[in-house]
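> If you scroll down you'll find the structure; I have some questions about it.
The values are calculated or read from the model by the stated rules, or taken from the named source; none is laboratory data. These figures come from a predicted structure and were not determined experimentally. Note that we place each Cβ from the backbone using ideal geometry, even for glycine, and neighbour counts take in every protein chain shown.
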Number of protein chains: 2
Amino acid sequence: MNPDSLAFSTRKESLGVLLGLVRTEIVRAMEAELAANGVDLRFTQFLILKRLARLGPMSASELARSVELDGGAMTRQLDQLEHKGYLRRCPHEQDRRALRIELTAAGDALWQQLTDCNDRVLAAAQRSLDSTEQAQLHDYLERVLHALRDKN
Amino acid sequence: MNPDSLAFSTRKESLGVLLGLVRTEIVRAMEAELAANGVDLRFTQFLILKRLARLGPMSASELARSVELDGGAMTRQLDQLEHKGYLRRCPHEQDRRALRIELTAAGDALWQQLTDCNDRVLAAAQRSLDSTEQAQLHDYLERVLHALRDKN
DNA sequence: GACATATATTTGCCTTGACAAATATACTTC
DNA sequence: GAAGTATATTTGTCAAGGCAAATATATGTC
């Protein structure tokens, strides 16, 4: 294998791998930032609180779809977050199968810190891209996502 | 929260999430493609074989660093791949602590199929990007990765 | 060469998330 | 309204990967 074809295939191969690396680093950076601020949350738990803070109360399955998490995994994350006092499981008014998950006062208060952590990490991650490039990156990723999901 | 700020924060928030979604889809597509070709391999195992095929024999820890996998996890993946007959653990010639992991003939043969699967999935994923955009996507991802790793 | 430190591999433990089964409730059709 | 189908939540099971400890061997210092 000559150097050129090696470089070429290395470049191509990396997409799946590269995405994993970047995501791992973002998660790591985010969790480090949370820990540095004395917040004991994993990335997934942070995402759940974020959805609730931004979109308001919703059912557990809506929440699960919203963060692309398995329903079973969601149940266990809710257990932890409820135990920590950041959210509450209330009965759903229209649907007795479902829950209405809502933030507690402590959960609302926590979100003030989280939003700062979030912004700092994203800013750090994208600091070498100008705003046009950031928008392009986002656009490209969404197009790749759609290409993979709409298989035709 | 007004619609604009919602749109803005949704856009910003997605980077970490979006990366995860895209990666998940690529892994899923890759594993589906492998299964469709009668190859019983997970994405991680595919990556390991790929490194060995491309870069030749190396030690387990070199391999682990190369695919960013924990050393303990690598031991177990090697167990499986060795059991399936695709690679061999040989003694390392210079270092008696280490192993020399090398593909068997079956592993080499398998790689012929894998390289096609790989190309098909990557082509499908990036089919909505022209070659300039593909290069930009790659470039942006690497810049984000470096920004996250070089914390200063 | 003895000793301290660093690295390679393996193993045990733990958490996470996917998947499937169980149960409860909603919805649709007749 | 009875029956069949779909959805919400919970729980059990499993595989994967991170981390730490144990062991073996290298490497650097005196």
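> Go through the range A:16-53 and count every residue that is away from DNA strand D (no atom under 14 Å from the Cβ) and among the aromatic types (Phe, Trp, Tyr).
1
> Being modelled with pLDDT under 95 and either touching a Pro at 6+ places or on another chain (Cβ under 7 Å) or within 14 Å of another protein chain (Cβ to nearest Cβ) (or both) narrows it down to one of A:6, A:47, so name that one.
A:6
> Just checking, does the range A:89-99 include any residue being in contact with a strand residue (DSSP E or B) (Cβ under 7 Å, 6 or more places away or on another chain), in a helix (DSSP H, G or I) and modelled with pLDDT of 95 or more?
no
> Name the residue that is farthest from the other protein chains (Cβ to nearest Cβ), counting only residues in the range A:12-44 that are β-branched (Val, Ile, Thr) and farther than 20 Å from residue A:74 by Cβ.
Looking at the filtered set, the residue picked out is A:39.
> Another one. Filter the range B:54-88 for residues that are within 11 Å of DNA strand D (Cβ to nearest atom) and in a loop (DSSP other than H, G, I, E, B); which is nearest to the chain's Cα centre (by Cα)?
So, considering only residues that are within 11 Å of DNA strand D (Cβ to nearest atom) and in a loop (DSSP other than H, G, I, E, B), the one nearest to the chain's Cα centre (by Cα) is B:67.
> Just to be sure, is residue A:132 within 16 Å of DNA strand D (Cβ to nearest atom) and either more than 30 Å from residue B:30 (Cα to Cα) or assigned to a helix (DSSP H, G or I) (or both)?
no
> Quick one: in the range B:91-117, which of the residues that are within 16 Å of DNA strand C (Cβ to nearest atom) and exposed (fewer than 12 other Cβ atoms within 10 Å of the Cβ) is nearest to residue B:31 (Cα to Cα)?
Result: B:91.
> Further question on the same structure: From the set of residues in the range B:101-129 that are more than 15 Å from residue B:41 (Cβ to Cβ) and in a strand (DSSP E or B), which is farthest from the other protein chains (Cβ to nearest Cβ)?
Only one residue fits best here, namely B:101.
> Mind checking which residues of the range B:25-44 are away from DNA strand C (no atom under 15 Å from the Cβ) and not in a loop (DSSP other than H, G, I, E, B)? Full working, then the answer.
Pass one, the range B:25-44, residues away from DNA strand C (no atom under 15 Å from the Cβ): B:33, B:36-41.
B:33, B:36, listed by residue number.
> If I filter the range B:50-63 down to residues being more than 14 Å from chain A (Cβ to nearest Cβ) and within 8 Å of DNA strand C (Cβ to nearest atom), which single residue comes out as surrounded by the fewest Cβ atoms within 10 Å (Cβ to Cβ)? If you could, list the steps in order and put the result at the bottom.
Residues of the range B:50-63 more than 14 Å from chain A (Cβ to nearest Cβ): B:57-62.
Subsequent filtering for residues that are within 8 Å of DNA strand C (Cβ to nearest atom) retains B:59-62.
Numbers: B:59: 16, B:60: 19, B:61: 13, B:62: 15.
The qualifying residue surrounded by the fewest Cβ atoms within 10 Å (Cβ to Cβ) is B:61.
> Related question: If you check residue A:69 against the conditions, is it surrounded by 11 or more Cβ atoms within 10 Å (Cβ to Cβ), within 16 Å of DNA strand C (Cβ to nearest atom) and not charged (D, E, K, R)?
Yes: the conditions hold for residue A:69.
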